[in-house]
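A.B. asks: Handing you a structure now.
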Amino acid sequence: MSTFQAPKGTYDLLPPRSASFLAVREAISAPLRNSGYGYVETPGFENVELFSRGVGESTDIVSKEMYTLTTKGGDELALRPEGTASVLRAALQGNLHKLGGLPVKLWYSGSYYRYERAQKGRYRHFSQVGAEAIGAEDPALDAELIILADQAYRSLGLRNFRILLNSLGDKECRPVYREALQDFLRGLDLDEDTVRRAEINPLRVLDDKRDDVQKQLVGAPMLRDYLCDACKAYHEEVRALITAAGVAFEDDEKLVRGLDYYTRTTFEFVHDGLGSQSAVGGGGRYDGLSEMIGGPALPSVGWALGVDRTVLALEAEGVTLDIPAATSVFAVALGEEARRVLFATVTELRRAGVAADFSFGGKGLKGAMKDANRSGARFTVVAGERDLAEGVVQLKDMESGEQTPVAVADVVETVRAKLA
Ligand code: AMP
């Protein structure tokens, strides 16, 4: 029988590269944890309807990319394709919006699933860290989230990314624009699919990457010219706050995003070293989503940053993260007695908070020292029968190569002092 392979469009995270993924998740969430966002975790699947109502029936995500299933009990479920609808559902169900002050600020980290055409940077299982600020209409909140994402990327050492910013208007001005755009699109020579899209979700047509479509879109009415005064003022304030924070951005009137729930502020982080899958993160305001999924009016804003693509972006920029060695001390025991003594020492080291590992498998000195090298440990503790007869182990500094005998009883203290 041939061995199993990971399903198409998925891949495994294995050491040592997996350490970068953990570090990226850590770096993206650090600014959030530092800014009043609490951790939220929701199930990997939800009722299909949450997404069809929330994300939108007409979006690619819902109409083409969802992994749906019917349980033995007859429930229609979907693996979550995105985080926002679930997090808002959880906040509503847990009555977080009634407990204390608004906004409720939450962050999350997890796996998402979309049945997409797989290619580099586009997977069927991927990982996001996200943030949602629920229940407040305040341009400072939109600005806060954009600034925190910028801070996260910069803390990782990323430089070649850009922030694209747009406003999609609200329920007052967008419908007027939508109609004007539809009128314009009806006059164009478009294929059947695009004609249908123009009827269901005309703003998405602006996003079409094909040249022949883009050419025809010259002269299309732009949302900017239709924004109502409230939306205009809101957007100007967001722009001013980001600018004051020293965060550079580009106005992109064509930025629409693939989810129906966005209103007003929308933004995307793109990286120029990633080819066609250039979006490393995105988000925006979704003032109507709560009502769309049966809740009260709760204007909110959020983003999700892709962990997979952030790692690819780091690789594209040649940034290596400073990941400390997982192991500080590696113990090499030669002979049965030494095994017992050093295994106990390793346990003691670990209990004292020192990262320690042991040469398992009864290897000889040469093989065990190879393992010690591979572990990246700063110190190796070696002991054979002769050392133990003298009540010592050999403590080797792997950087200088220097080796000194240390009494068995003093190993933990000596190592701790040297590592400090
Ligand atoms: P979206 O909600 O589609 O804007 O996704 C937010 C971020 O998640 C994107 O900017 C990507 O970094 C990441 N992402 C979305 N879909 C995928 C995918 N199929 N594979 C890898 N990353 C993805």
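The values are calculated or read from the model by the stated rules, or taken from the named source; none is laboratory data. Keep in mind that what you see is a predicted model, and the values were worked out from it rather than measured. Note that we place each Cβ from the backbone using ideal geometry, even for glycine, and neighbour counts take in every protein chain shown. What goes into the accessible areas is simple: the full protein's heavy atoms, side chains included, and nothing from ligands, DNA or RNA. Shrake-Rupley method; radii C 1.70, N 1.55, O 1.52, S 1.80 Å.
Condition check ((1) touching a His at 6+ places or on another chain (Cβ under 6 Å); (2) aliphatic (A, V, I, L, M); (3) more than 30 Å from residue 158 (Cβ to Cβ)) across all residues:
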| site | (1), (2), (3) |
| --- | --- |
| 329 | no, yes, yes |
| 345 | no, no, yes |
| 351 | no, no, yes |
| 356 | no, yes, yes |
| 375 | no, no, no |
| 387 | no, no, yes |
| 402 | no, no, yes |
| 410 | no, no, yes |
| 415 | no, yes, yes |
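A.B. asks: Looking only at the stretch 122-135, filter to residues that are over 14 Å from residue 107 (Cα atoms) and under 13 Å from the mean Cα position of the chain (by Cα); which one of those is nearest to the ligand (Cβ to nearest atom)?
C.D. replies: Here the residue is 126.
A.B. asks: So, in the stretch 387-411, exactly how many residues are closer than 13 Å to residue 341 by Cβ and not in a strand (DSSP E or B)?
C.D. replies: Going through the stretch 387-411 one residue at a time, the tally reaches 8.
A.B. asks: Sticking with this structure for a sec: Among what's in the stretch 275-299 and is surrounded by 24 or more Cβ atoms within 10 Å (Cβ to Cβ) and touching a Lys or Arg at 6+ places or on another chain (Cβ under 7 Å), pick the residue that is nearest to residue 234 (Cα to Cα).
C.D. replies: 285
A.B. asks: Working only within the stretch 219-262, note down all residues that are charged (D, E, K, R) and crowded, with 20+ Cβ neighbours inside 10 Å.
C.D. replies: 257, 260, listed by residue number.
A.B. asks: Is it true that residue 327 is part of a loop (DSSP other than H, G, I, E, B) and either within 10 Å of the ligand (Cβ to nearest atom) or touching a helix residue (DSSP H, G or I) at 6+ places or on another chain (Cβ under 6 Å) (or both)?
C.D. replies: Taking the combined requirement at face value, the residue satisfies it.
A.B. asks: Pick from 155, 86, 63: which is of a type outside the set (Asp, Glu), within 25 Å of residue 250 (Cβ to Cβ) and away from the ligand (no atom under 12 Å from the Cβ)?
C.D. replies: 155
A.B. asks: Can you tell me which residues in the stretch 368-386 are out of contact with any strand residue (DSSP E or B) (no Cβ under 6 Å at 6 or more places or on another chain) and part of a strand (DSSP E or B)?
C.D. replies: Correct list: empty.
A.B. asks: Can you confirm whether residue 272 is open to solvent by 50 Å² or more (accessible area, probe 1.4 Å), assigned by TED's automatic domain parsing to the domain that holds residue 138, among the charged types (D, E, K, R) and touching a residue at least 24 places away in the same chain (Cβ under 8 Å)?
C.D. replies: So residue 272 fits the description; yes.
A.B. asks: Tell me the helices (runs of 4 or more DSSP H) entirely within the stretch 76-195 that contain at least 2 residues that are in contact (Cβ under 8 Å) with a residue 60 or more places away in the chain.
C.D. replies: The helices (runs of 4 or more DSSP H) meeting that bar are 84-93, 139-156.
A.B. asks: Can you find, within the stretch 101-121, the residue that is most open to solvent (accessible area, probe 1.4 Å) among those that are basic (Lys, Arg) and within 12 Å of the ligand (Cβ to nearest atom)?
C.D. replies: 117
Residues are listed down the side, and each one gets a yes or a no for (1) of a type in the set (Gly, Ala, Ser); (2) modelled with pLDDT under 95; (3) in the same structural domain as residue 57 (by TED's automatic domain parsing):
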position: 268; (1), (2), (3): no, no, yes
position: 282; (1), (2), (3): yes, no, yes
position: 323; (1), (2), (3): no, yes, no
position: 346; (1), (2), (3): no, no, no
position: 354; (1), (2), (3): no, no, no
